[in-house]
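**Student:** Below you will find the structure I want to go over with you.
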Amino acid sequence: MNKKPLFGLTLSQLTDLVLTEGLPKFTAKQIADWLYKKDIDSIDQMTNLSIDARTKLSEKYRIGLVKPSKVAESADGTKKYLFTTESLKFVEAAYIPDNDRATLCVSSQVGCKMGCLFCMTGKQGFQGNLSAGEIVNQLRSIPEWHKVTNIVYMGMGEPLDNLDNVLSSLDILTADWGMAMSPRRITVSSIGVKPAMVKFLELSQCHLAISLHNPFDEERRALMPIENVYPIQDVVDEIRKYDFSGQRRVSFEYIMFEGLNDTPVHVKGMVKLLKNLNCRVNLIRFHPIPNSPLKGSPDEQIFKFRDALTSKGIFTTIRASRGLDIQAACGLLSTKELQKKDNQ
């Protein structure tokens with residue numbers, strides 16, 4: 001009998017499960033506590049459950065944690081973890097320590113259907129959504145999971161294209177019965193899937209990051225096909241309806257491409273697009289991916305771009321590059337494993 005995983009179930013799902021199995025309702029909260037707050041790997045370790053309850057659960061269920069199949073460590077302390085999914089595909093998570101802060105970048109899909117020109121994951125094509133358990137497993141199954149202070153959904157896939165599972169994973173991460181992280185320590189990135197973005201903004205308190213990369217419709221379309229469906233102007237107009245004056249943040253990711261989006265004209269376009277919006281812009285260095293015609297802007301140009309935006313009142317930072325020696329950019333490690341598997 002193929003036992004079902006418990007890890008990844010929300011409290012309401014666990015409640016339905018225990019009632020179906022004829023167990024007391026309060027057992028659901030006990031199980032959640034073991035799954036999301038403790039270091040256990042078997043149902044037998046849930047010692048405050050009766051022996052009868054543990055026996056009954058063990059007949060049909062397993063914890064369902066999956067350890068990383070590979071890890072690569074950078075000279076700067078960044079670690080890239082590779083996980084094999086239930087469907088025998090590969091996804092990545094990157095652990096990025098920085099003084100008293102440690103960020104985990106998690107994946108939400110195997111591959112991606114969005115086809116952005118600069119993204120290695122997109123070149124894999126779409127192979128499937130990750131379950132809530134497979135998303136949170138990327139945190140729970142690494143040795144440093146207790147050290148992680150921040151989580152970003154900026155790994156493989158478009159999180160808002162897998163909205164239900166992403167919202168369930170956020171519930172597990174932030175609920176008192178789950179891992180009890182502050183939603184202010186979690187950022188979900190999207191290229192701007194507008195209907196799902198609206199649901200996310202309504203149903204979650206986590207930060208939002210939009211992959212912008214160009215303020216002009218035609219130029220962005222050449223980089224990101226999503227512009228054909230949800231133009232960035234419409235996405236920003238929708239974001240303006242929400243309050244980001246408090247602790248919740250919206251940010252815009254902007255990979256710098258030489259000659260394509262790093263000119264004074266693009267500064268003007270950014271200022272026009274984001275005028276009077278309480279936000280920040282994160283400038284990101286582009287690190288080449290195989291068979292890509294794109295070239296990253298030189299640092300001097302990135303600094304000029306930042307200073308020009310800052311002078312116009314847009315809070316702008318340059319993201320530090322991490323893990324370059326272990327191919328920490330999304331999709332590179334899993335693509336290698338995929339190619340290796342295909343060649344066997």
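Here, each number is a calculation from the coordinates, and none is a lab measurement. Given the structure is predicted, the values throughout are model-derived calculations rather than measurements. Every residue, glycine as well, gets a Cβ built from its backbone with ideal geometry; the counts of neighbours run over all protein chains shown.
**Student:** How much net charge surrounds R248 when only the other residues with a Cβ under 13 Å from the Cβ of R248 are counted, with Lys and Arg +1 and Asp and Glu -1?
**Tutor:** Numbers: positive: R184, R185, R249, R280; negative: E202, D243.
The answer is +2.
**Student:** Now for a separate question. Filter the GluC sites (Glu not before Pro) in region 129-222 down to the DSSP loop ones having no more than 12 other Cβ atoms within 10 Å, then list what survives.
**Tutor:** On the way: sites: E134, E144, E202, E218, E219; in loops: E144.
Sites meeting the loop and neighbour criteria: none at all.
**Student:** Debye calculation, C-alpha points only, no solvent: report log10 I(q)/I(0) for region 70-342 at q = 0.07, 0.10, 0.12, 0.15 Å⁻¹, in the same order as the q values.
**Tutor:** -0.23, -0.48, -0.72, -1.18
**Student:** Here's something else I'd like to know. What lysines sit close enough to K56 to cross-link, taking a C-alpha to C-alpha distance under 23 Å and skipping anything fewer than 8 places away on the same chain?
**Tutor:** K3, K4, K25, K29, K37, K38
**Student:** Which lysines have a Cα less than 28 Å from the Cα of K304, not counting those fewer than 8 places away in the same chain?
**Tutor:** Those lysines meeting the cut-off are K268, K272, K275, K295, K312.
**Student:** Work out from phi, with θ = phi - 60° and the Karplus expression 6.51 cos²θ - 1.76 cosθ + 1.60, the ³J(HN,Hα) of each residue of region 223-230, listed in order in whole Hz, and give x for Gly and Pro.
**Tutor:** Per residue, the Karplus-derived 3J(HN,Hα) values read 8, 9, x, 4, 4, 5, 9, 10 Hz.
**Student:** T85's amide H: which non-local residues (gap 5+, or another chain) put their own amide H closer than 5 Å, with H modeled 1.01 Å from N in plane and none for Pro or chain starts?
**Tutor:** Close amide H contacts, sequence-distant or interchain: F90, V91.
**Student:** If amide H atoms are built 1.01 Å from N in the plane of the peptide, which residues on other chains or at least 5 residues away come under 5 Å of the amide H of V152?
**Tutor:** Long-range HN contacts for V152: L104, C105, V106, T187.
**Student:** Name the long-range amide H neighbours of Q127: under 5 Å, sequence gap of 5 or more, or other chain; modelled H, no Pro or chain starts.
**Tutor:** For Q127, the qualifying residues are V110, G111, C112.
**Student:** Still on this model: What ranking do 299-309, 17-27, 112-122 get when scored by the average of other Cβ atoms within 10 Å per residue, highest first?
**Tutor:** 112-122, 299-309, 17-27
**Student:** Could you work out [θ]222 nm for the chain from helices alone, using -39500 (n - 2.57) per DSSP H run of at least four and dividing by all its residues? Round to the nearest 500 deg cm²/dmol.
**Tutor:** -10000 deg cm²/dmol
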